[in-house]
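The next block holds one structure in the form of structure tokens; read it before the comments.
The values are calculated or read from the model by the stated rules, or taken from the named source; none is laboratory data. These numbers come from a predicted model, not from an experiment. Here the Cβ positions follow ideal geometry from the backbone for every residue, glycine too, while neighbour counts run over all protein chains shown. Heavy atoms of the whole protein, side chains included, go into the accessibility calculation; ligands, DNA and RNA do not. Shrake-Rupley method; radii C 1.70, N 1.55, O 1.52, S 1.80 Å.
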Amino acid sequence: MLRAFASDLATARRAELTELHAILGRTPYVNNHEGHDMPGMPTEVELVALTAATDFDPEFTRLTRAHLTESATVADSGLVSIQDTRTKAFASAMARDRAEQLRALDTLNIGR
């Protein structure tokens with residue numbers, strides 16, 4: 001069940017990236033976060049450790065929960081500050097999707 005969840009999450013994230021690139025395509029892109037750790041974004045060290053983890057499922061779940069929680073926070077904050085209608089609609093959909101994804105992750109009962 002975790003594998004199916006991860007696959008669905010990856011598919012959803014790829015679709016989001018396509019939409020984000022379309023939104024960002026209207027302005028020059030600058031990665032303001034390059035070179036530093038962000039909450040909810042797994043580090044290279046964590047990803048390497050995950051590949052060797054004997055307790056892969058709980059560790060993957062922990063990292064995924066942190067990512068979904070932080071990206072929900074970012075989407076929610078965007079709803080307050082974003083003026084562009086298309087971008088605001090995207091942030092709203094992202095916040096809704098993160099809540100649904102967190103609920104789905106919770107139903108798996110892994111690492112709790």
Using a ≥ b ≥ c from the Cα gyration tensor of the range 36-76 (square roots of the eigenvalues), is it rounded, prolate or oblate, where a/c under 1.5 gives rounded and otherwise the larger of a/b and b/c decides, a/b for prolate? oblate
What length, rounded to one decimal in nm, is gained on full extension from Glu16 through to Glu70, with 0.36 nm per residue of separation minus their alpha-carbon distance? 17.9 nm
Please report the carbon-and-sulfur percent of the accessible area for the range 29-112; probe 1.4 Å, protein heavy atoms only, DNA, RNA and ligands left out. 58 percent
What number comes out for accessible area per residue over the range 6-90 if the probe is 1.4 Å? Units Å², please. 69 Å²
For the range 1-110, shape from the Cα gyration tensor axes a ≥ b ≥ c, cut at a/c of 1.5 then a/b versus b/c, turns out prolate
Would you work out which of Ala12, Thr61, Gly111 lies farthest towards the positive end of the dipole of the chain, given +1 charges on the beta-carbon of Lys and Arg and -1 on that of Asp and Glu, about the Cα centre? Ala12
Under the helix-only model (-39500 (n - 2.57) for each DSSP H run of 4 or more, divided by the residues of the chain), the mean residue ellipticity at 222 nm, to 500 deg cm²/dmol, is -25000 deg cm²/dmol
Compute the Cα gyration tensor for the range 57-112, then decide on rounded, prolate or oblate, letting a ≥ b ≥ c be the square roots of its eigenvalues: rounded whenever a/c is under 1.5, prolate when a/b is larger than b/c in the other cases, and oblate in all that remain. prolate
Angle in degrees between helix 2-24 and the longest Cα principal axis of the chain, rounded to the nearest 10: 20 degrees
